[in-house]
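The values are calculated or read from the model by the stated rules, or taken from the named source; none is laboratory data. Since the structure is predicted, the reported quantities are computational estimates derived from the model, not experimental observations. When we count neighbours, we look across all protein chains shown, and the Cβ atoms used for this are built from the backbone with ideal geometry, even at glycine. These accessible areas exclude ligands, DNA and RNA; they are computed on the full protein's heavy atoms, side chains included. Shrake-Rupley method; radii C 1.70, N 1.55, O 1.52, S 1.80 Å.
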There are 2 protein chains.
Amino acid sequence: MNTKIVLDENRIPKQWYNIIPDMPGPLAPVISPRTLQPVTPDEMLAIFPMSLIEQEMSTQRWIDIPDEVREIYKLWRPSPLFRAHRLEKALGTPARIYYKYEGGSPAGSHKPNTAIPQAYYNKQAGTKRIATETGAGQWGSSMALACQIYGLECTVYMVKVSFGQKPYRKSMMQLWGAEVLASPSDRTNAGRSILAKDPNSNGSLGIAISEAVEDAATRSDTCYALGSVLNHVCLHQTIIGLEAKEQLAMAGDYPDVVIGCHGGGSNFAGIGFPFAADKASGRDVRIVAMEPTSCPTLTKGVYAFDYGDTAQMAPISKMFTLGHDFMPPGIHAGGLRYHGSSPLVSQLVHAGVVEARAVPQIACFEAAVQFARSEGIIPAPESSHAIRGAIDEALLAREEGKERVILFNLSGHGHVDMAAYDAYFSGQLEDYEYPEAAIAESLKHLPKVSL
Amino acid sequence: MNTKIVLDENRIPKQWYNIIPDMPGPLAPVISPRTLQPVTPDEMLAIFPMSLIEQEMSTQRWIDIPDEVREIYKLWRPSPLFRAHRLEKALGTPARIYYKYEGGSPAGSHKPNTAIPQAYYNKQAGTKRIATETGAGQWGSSMALACQIYGLECTVYMVKVSFGQKPYRKSMMQLWGAEVLASPSDRTNAGRSILAKDPNSNGSLGIAISEAVEDAATRSDTCYALGSVLNHVCLHQTIIGLEAKEQLAMAGDYPDVVIGCHGGGSNFAGIGFPFAADKASGRDVRIVAMEPTSCPTLTKGVYAFDYGDTAQMAPISKMFTLGHDFMPPGIHAGGLRYHGSSPLVSQLVHAGVVEARAVPQIACFEAAVQFARSEGIIPAPESSHAIRGAIDEALLAREEGKERVILFNLSGHGHVDMAAYDAYFSGQLEDYEYPEAAIAESLKHLPKVSL
């Protein structure tokens, strides 16, 4: 009765799984925000290397992981798969609960799984420098690490309010050698125009994206990198689910339900897509995306073309969206506060392959505390949504008196997020109703794309 | 060429290594602070369960690890042993550098290695509640975790200045179900008498120890727990070195030098003692304790009887000490700011089995940054002292053009210590000279023990 199932590092998967050939129908095109027509390769090449653009569109089911990437993955991969014996006992459930733990990476989350290959492909393509944005800092720190490893310069536009309030993540980025700028900055036209209107602007993720994209588009030595949403990001994250599947096989098990939290979609895709492949082949497995009720993209949004960012600078994708100018309340799971979703995940939800469920944050912190008290590990606030989903499935199994195999992804640890737990314990957290009116308003502003 | 050497969880050692029978000479007695005579078993039983007192004195070389403890160890053990390929390359050294990484525990350091068995033995002995103290919070959070796992209540007296300045660690303890009190508190005579004199007292580790010991001594359901220094604590930590030895053997290597940072001595004992055993059997291996120049216990202290705490409430041990009222400067490696040392480690240093070296903090942060930029992992400020030692050995190997196998213990991650890195990067850190005058003064106050 093992507690954790560990793979030798030589068994890190040699290929990522690309779900595109197994999708239920063709992909919608990506639309240029300038022309409202499909983006041209030239527009993409201004900010991404060709190799990543190819991965974005590839119809090959398996894509080789370069040896140089697997070598770096070995710093924390294969990540352990745990059987949650103590949580099962605490819940009194006949379910068998497994969780894949991605918090052991140097940055403490799943984000380096894609930061490393993105930096690698950029290095191969001759990129000297990466510009990217970050909100709370998880993605920026992962990209800083990756750039450090491959010898790329890295500039991170960090939303100003986080720059001030989350100095720990900023220090991590500096430790890994990145330049960190509070956004809006005076480095870009986008930043300067905001500052001209409001010198005290707190910034937003939308503004930071605009700054990073402008930086990359206007310097020939620089490319842009994004930490979620895009197809190639989801591709890289499938290493999570591929390993989990192998580890579950070692335990002689296969999941009835696979659960991940959902913000932009990358960690969810990571754990879910390799099982969606089995489902496409007729296997009976449920795949569930857990999102916050305060930002209920998949459960209350529409499946439509929308901008990837508030500033309408990023490409337009067909996805579930709450409207690009929807501003979710300031919940503690900052990584789940995104108005849109990965187009791949969205299409799978739309086709009924993936289920979506929204949960309020207090119930998620309750689940996280129960988890930490039985399994020890302190979850990131984002990951607590997946735990809530897993515990609810386990409780249902108890009610029904049925066995059930539950797999969820614990996408990161919460050591840098203890202020959120502090707020929870001191009763300062509140739940938000579905902000129906705000969503209805922002959905009026979708771009008019006619294809 | 593996990056990390991973043991299956079934290969967690089944016994701890007790160095007492292999010590170079008999142990000095532990002296009661009240009588200045050897402590009686009754004095010990007031605050510790018999099983731990027996371990404290045992002359058995191998002590079984209970299955119930190994079961919990599996949450993060065996910990990985890494070969630092990228650091070696960055240093251009012919040395082979290995590090054992203890930061993967739920608390982020090696401390749970002893917190778990201490809670277990207390539970077996019928203890209902543990009282302990904590400075920055590493030990308190580990003990909170351990008590939560075995269903014990836990009260942590946390030095008031840290209680205010380190809310993250406080929240961790609460998350794991502990009661956390700012010390001095009104819960004990010790606390009340301090508050009567100075209602705004910031507290100190000495005061917090006094409060926790008084709490345990005056309640029959409560025992006390200490996170370092004591023999049984060092014993439990040997799991680090025992695993490392097995992992090195898998890599076909054996260290020329074994390095740990040194505060109270527990993580150092953990990595060092299993190799000291080999040295006692004639094997050629150096064992080096790294301490801060600001608190140079082993390099500038005397080997003498002294109180374990500032308040002269804790037992008197023969150890290296700077004097119990020596107050080290406020460096960022809070876990290394202790005036004394483990009596076992002290005796080994005195006998020349273990070498000691002091290093200034800025050089340690330099080493930590070089390490993080090549290996990815962000070290705790304490652990950076071991890294400094390892890098210096590797640079020496380069100068000499000689191969050398270096093993060090990376005792914890620094995700909760990023403020220290921030201070380093912003040039706010300073080095302290050996505080010779302060040491000379405090050494005048050693207790007069005549045996």
Query raised in the report: Looking only at the range B:185-216, which residues are open to solvent by less than 20 Å² (accessible area, probe 1.4 Å), polar (S, T, N, Q) and farther than 24 Å from B:F326 by Cβ?
Result: B:S185, B:T188
Query raised in the report: For the range A:393-410, which residues satisfy the criterion of being open to solvent by 10 Å² or more (accessible area, probe 1.4 Å) and within 18 Å of A:I287 (Cβ to Cβ)?
Result: A:E393, A:L396, A:R404
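Conditions (1) more than 14 Å from chain B (Cβ to nearest Cβ); (2) among the aliphatic types (A, V, I, L, M); (3) outside any helix (DSSP H, G or I), marked per residue:
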position	(1), (2), (3)
A:G25	yes, no, yes
A:S51	yes, no, no
A:T59	yes, no, yes
A:I63	yes, yes, yes
**Report entry** Pick from the range B:411-451, criterion away from every other protein chain (no Cβ under 14 Å) and β-branched (V, I, T), ranking: surrounded by the most Cβ atoms within 10 Å (Cβ to Cβ)
**Finding:** B:I439
Query - Residue among B:I316, B:I362, B:I331 that is within 23 Å of B:L91 (Cβ to Cβ) and among the β-branched types (V, I, T) - result: B:I362
Report task. Go through the range B:50-73 and give me each residue that's open to solvent by less than 70 Å² (accessible area, probe 1.4 Å) and either among the aliphatic types (A, V, I, L, M) or touching a strand residue (DSSP E or B) at 6+ places or on another chain (Cβ under 6 Å) (or both). Result -> B:L52, B:I53, B:I63, B:I65, B:V69, B:I72
Query - In the range B:424-451, the residues that are among the polar types (S, T, N, Q) and either assigned to a loop (DSSP other than H, G, I, E, B) or under 20 Å from B:H332 (Cα atoms) (or both) - result: B:S426, B:Q428, B:S450
Report summary line: If you go through A:I31, A:I97, A:I47, the only one that is over 19 Å from the mean Cα position of the chain (by Cα), open to solvent by 20 Å² or more (accessible area, probe 1.4 Å) and of a type in the set (V, I, T) is A:I47
Requested in this report: Check the range A:6-13 and report whether any residue there is β-branched (V, I, T) and either at pLDDT below 95 or outside any loop (DSSP other than H, G, I, E, B) (or both).
Outcome: yes
Query raised in the report: Of the residues B:D325, B:D278, which single one is acidic (D, E) and within 22 Å of B:A208 (Cα to Cα)?
Result: B:D325
Query raised in the report: Among the residues of the range A:365-392, which ones are free of Cβ contacts under 8 Å to residues at least 60 places away in the same chain, open to solvent by 10 Å² or more (accessible area, probe 1.4 Å) and more than 10 Å from chain B (Cβ to nearest Cβ)?
Result: A:E366, A:D392
Query raised in the report: Does the range A:149-165 contain at least one residue that is at the interface with chain B (Cβ under 10 Å from one of its Cβ atoms), modelled with pLDDT of 95 or more and open to solvent by 10 Å² or more (accessible area, probe 1.4 Å)?
Result: yes
Requested in this report: Report yes if some residue within the range A:175-195 is within 11 Å of another protein chain (Cβ to nearest Cβ) and either assigned to a helix (DSSP H, G or I) or closer than 23 Å to A:S383 by Cβ (or both); otherwise report no.
Outcome: yes
Query raised in the report: B:S426: touching a strand residue (DSSP E or B) at 6+ places or on another chain (Cβ under 9 Å) and either more than 26 Å from B:G340 (Cα to Cα) or modelled with pLDDT of 90 or more (or both), yes or no?
Result: no
Report task. Tell me, please, whether a residue that is free of Cβ contacts under 8 Å to residues at least 60 places away in the same chain, touching a strand residue (DSSP E or B) at 6+ places or on another chain (Cβ under 7 Å) and open to solvent by less than 10 Å² (accessible area, probe 1.4 Å) can be found in the range A:236-249. Result -> no
Query raised in the report: Looking at the range A:73-101, which of its residues are closer than 29 Å to A:I20 by Cα, out of contact with any Lys or Arg (no Cβ under 9 Å at 6 or more places or on another chain) and within 14 Å of another protein chain (Cβ to nearest Cβ)?
Result: A:Y73
**Report entry** Scope the range A:170-184; condition closer than 18 Å to A:I207 by Cβ, in contact with a helix residue (DSSP H, G or I) (Cβ under 7 Å, 6 or more places away or on another chain) and open to solvent by 10 Å² or more (accessible area, probe 1.4 Å); matching residues
**Finding:** A:K170, A:V180, A:A182
Query raised in the report: Any idea which of A:G108, A:G92, A:G104 is on the phi > 0 side of the Ramachandran plot and open to solvent by 10 Å² or more (accessible area, probe 1.4 Å)?
Result: A:G92
Query raised in the report: among the hydroxyl-bearing types (S, T, Y), in a helix (DSSP H, G or I) and either open to solvent by less than 10 Å² (accessible area, probe 1.4 Å) or not assigned by TED's automatic domain parsing to the domain that holds A:S384 (or both): does that describe A:T114?
Result: yes
